[in-house]
Amino acid sequence: MGMTPRQKQLLAAIIEEFISTAQAVGSLSLQESHGFRVSPATIRNEMKALVDEGYLSKTHSSSGRIPTTLGLRYFLQEFRDEMTDPDIVTQEQVKRNLHVARFSKEELIREALKFLAEYSGNAAVALVDKDIYYAGLAEMLNIPELQEIENLRSLLTVLEDYSMLSKIFHKSHSDQDVKVLIGEESGLDAFTPYAVVFADLKLHGGKKGYLALIGPNRMDYKRIIPAVGFAARSINAMASGW
C-alpha cells in the first residue's frame, strides 16, 4: 500500500525531529512543533500505520517513535532533491586549502577530512593504500548516542579495522556518486545504530580509495551527502594528472 501525502509529511517531520534531538518523537510533540492541523489521535493513528508498514518503530523507553532503516531510506530517496550544498564561501575556502595541499596525497586527504569533520560534527574517515586516515574522533563525544561508553567502543572498533571498513564500503551497489549505508545495510551487527556516507577517491598515480563520514543513523543527510560529494570531487580534481 502506498504512503499517503499526510503520512509522507509525518514521516519527514519525525525524521527531521529525530535528527535534531536524538529522541523518540511523540504525537503531541509533532502537533506542537510542526503545526499539523489534525488531532493528536489522528497523528497517533497515522504513526501506527507507519509502524505497521515498517517505516517507524516504537522504543521501549518511551511512547514515541523513531525511524527504521526503511524509513530513513525512503526519506533519502524522497527528499534527495532538497539537499543543500555547502555555501559558496565554505566551498572556496576548502578549494583553496586543497589547492595548497595538491602535491601531497596525505595532505589532500587530511584537509578534506578536517573540513568534513568540522562541517558535520561526525567522524571523517578515508581508506587509501591499506591506510586509514581520521578526523573528528574527539567530536564523537558530543554525539548523544556515543556518550554511552559501550556504543562508543563498538563504533571505534569498526573505525580502527581497515578490513571491516573495506567490507562495509564494498556492500554498496549504488550507482550514485555519493553512497549511503544505513544500519543493517552494512552487514555488521555492531554497525546497526550507525550510518556511513561515502564517495570514491581517485588520487595521485591512479591510486583509489574512499572518503567517508560515519555517525549515528540520524545524521543530517541533507547536509552531509552534498558535503561528502563536494569534498571527493574536489580532491579528485586536484589529484588528477599527478
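The values are calculated or read from the model by the stated rules, or taken from the named source; none is laboratory data. This is a predicted model, so every value here is computed, not measured. Cβ coordinates were reconstructed from backbone atoms using ideal geometry, including for glycine residues, and neighbour counts include every protein chain displayed.
Things to note:
- The listed residue being in a helix (DSSP H, G or I) and under 19 Å from the mean Cα position of the chain (by Cα), out of SER33, SER20: SER20
- Of all residues in the stretch 214-232 being more than 8 Å from the chain's Cα centre (by Cα) and of a type in the set (A, V, I, L, M, F, W, C), the one that is surrounded by the most Cβ atoms within 10 Å (Cβ to Cβ): ALA231
- Comparison of ALA112, ALA124 shows that the only residue that is touching a Gly at 6+ places or on another chain (Cβ under 9 Å), crowded, with 21+ Cβ neighbours inside 10 Å and assigned by TED's automatic domain parsing to the domain that holds LEU155 is ALA124.
- Of everything in the stretch 13-30 that is over 23 Å from ALA195 (Cβ atoms) and of a type outside the set (A, V, I, L, M), the residue that is modelled with the highest pLDDT is GLY26.
- Selection status of GLU118, surrounded by 15 or more Cβ atoms within 10 Å (Cβ to Cβ) and assigned to a helix (DSSP H, G or I): no
- Of all residues in the stretch 195-213, none satisfies being closer than 19 Å to THR68 by Cβ and either over 11 Å from the mean Cα position of the chain (by Cα) or not hydrophobic (A, V, I, L, M, F, W, C) (or both).
- LEU76 more than 23 Å from TYR221 (Cβ to Cβ) and either among the small types (Gly, Ala, Ser) or touching a residue at least 12 places away in the same chain (Cβ under 8 Å) (or both): no
- Scan of the stretch 2-58 for residues that are touching a residue at least 40 places away in the same chain (Cβ under 8 Å) and on the phi > 0 side of the Ramachandran plot, ordered by number: ALA22
- Wholly within the stretch 133-242, helices (runs of 4 or more DSSP H) carrying at least 1 residues that are under 20 Å from GLU16 (Cα atoms): 221-239
- Pairs, first closer than 18 Å to ALA227 by Cα in the stretch 125-144, second in a strand (DSSP E or B) and among the hydroxyl-bearing types (Ser, Thr, Tyr), C-beta under 6 Å, six or more apart: VAL125/TYR134; ALA126/TYR133; LEU127/TYR210
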